[in-house]
Structures are given as structure tokens and as C-alpha cells.
Amino acid sequence: MANSLDLQEQEQLDELKAFWKQYGNLITWVLTAGLLAFAGWNAWGWYQRDQATKASAMFDELDKAAVAGDADKAGRVFGDLKDRFGRTAFAQQGGLLAARVQYDKGQADAAKASLGWVADNAAEDEYRSIARLRLAGLLLDAKQYDAALKALDAATGKEFAGLVADRRGDVLLAQGKRDEAKAAYQAAYQAMNDKIDYRRLVEAKLTALGAAPAPAAGATGAAK
């Protein structure tokens, strides 16, 4: 019985050797590729976490500079942030923050540059739209009306449609195009929820242009 088992084991061993001789290299390559992919995934995860941690620390430094009103330092930190960690959300947020303090401190050109970078490089449409909306405001202040309208044309975030239309009205009105401005304000008014306080400002602009929105049916009934 023992000899029979030994013979069986020998046959199985020979079969295993033959199988490994035929398929061993293929199996080794598949296993190696799998291990490399797993290691690469872990390394990429570590790299992303490492990048996010470093970017977060740099954003904190930028935030402190903004709170202190140090536009020069905020600009320098943002420059490093976008160069080293430009693909992170911290860089996009940092650009908006740097632009705000730069504008507050009279550095309009630097603010435009910061907003322009976010508008062109942010991964999320929301950040791009916010940057373009704010950039249009700075261009309006500088009387660069065509550039402001171009920036607004590229601000496609649906949730900002009302604000974009309102800013478009401001630019058109500054150009002396009252009818077009009125149409833009009407579009803004219609796009905004009636519970948003900003809608009252749009209503005031329309009223000033002789196009006050008609009161809602419910409001008319209540007045009676």
C-alpha cells in the first residue's frame, strides 16, 4: 500500500513538473504583474495622500497670509502651491483666496492672474465658473468689457447661471446697452430662487431700468 502511495505521489509530482515546465513562466508573469499593479496602486495612494498633506499645509500658510492681509506673501505661497500641487483642490481654492486678498490690497493685475489660472486649470467646473465670474468683475472695473463678457461666456456652471446673467447685465449696462442689460437682468431674476436675498438687488436693477418684475400672483392676492 505504501509503495502504491509512493508511486501515486511520484506520478503527481511528475505531472506537476510537466505542468510547471509548460505554464510556469506564464504564471510567474501574471503573478508578477498582479503584484506590481497592487504595489503601484498602494504607491499611488500613498503619493496622493502625501501630496494632499503637503498641499494642505501650504494652503494653511496661504490662509494665514490672507487673514493678515499680506497680499505679497499670499501671492508667493499660491505660486508655489500651483507649481508643486496644481492638480489638488487646495491649489484651486488657494487661487480664489489669493485673488481676494490681492484685490483687497490694490493688486488688481495679480488678482486677475490668480483667477485666470483657476479659470484655466481647475478640475471642477464649479471652481472654473467662480473664478470666471470674479474675473469678469475685475475686468468690468478695468472697463475691459469685451474680455469680461468672454469670461462670462465660459462660466458654464448651471448653479451660477443667475449670477452670471446678473454680471452680464452689469457689463452690458456699462457699455450703454440698456435693452440687452435689461434682458440679462430678467434672465438673472428668473434663474434665481425667490428666497435668495440677492434676487432683490436684481429686482432693483430692473426697476431702475423701468422693467420692474410683475408681483407674483400670491403676493397680489395678499395685497388685496
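The values are calculated or read from the model by the stated rules, or taken from the named source; none is laboratory data. This one's a predicted model, so the numbers in the text were calculated from it and none came from an experiment. Here the Cβ positions follow ideal geometry from the backbone for every residue, glycine too, while neighbour counts run over all protein chains shown. To get the accessible areas, we keep the full protein, side chains included, count just its heavy atoms, and leave off ligands, DNA and RNA. Shrake-Rupley method; radii C 1.70, N 1.55, O 1.52, S 1.80 Å.
Listed here are the pairs Lys64/Lys143; Lys105/Lys150; Lys105/Lys205; Lys143/Lys177; Lys112/Lys205; which of them are more than 23 Å apart at the Cα?
Beyond 23 Å: Lys64/Lys143; Lys105/Lys150; Lys105/Lys205; Lys112/Lys205.
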Over the residues of region 98-183, compute the C-alpha Rg and express it relative to 2.2 N^0.38 Å. 1.05
Rank by packing, highest mean first: peptides 136-143, 125-132, with packing defined as the count of other Cβ atoms within 10 Å averaged across residues. 125-132, 136-143
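How charged is the neighbourhood of Gly106? Take every other residue with its Cβ under 12 Å from the Cβ of Gly106, and add Lys/Arg as +1 and Asp/Glu as -1.
Charge balance in the 12 Å sphere: -3.
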Quick check for you: with a 1.4 Å probe and neighbouring chains kept, what is the accessible area per residue of region 49-126, in Å²? 51 Å²
Looking at the P(r) of region 42-171, how many percent of alpha-carbon pairs lie beyond 18 Å? 54 percent
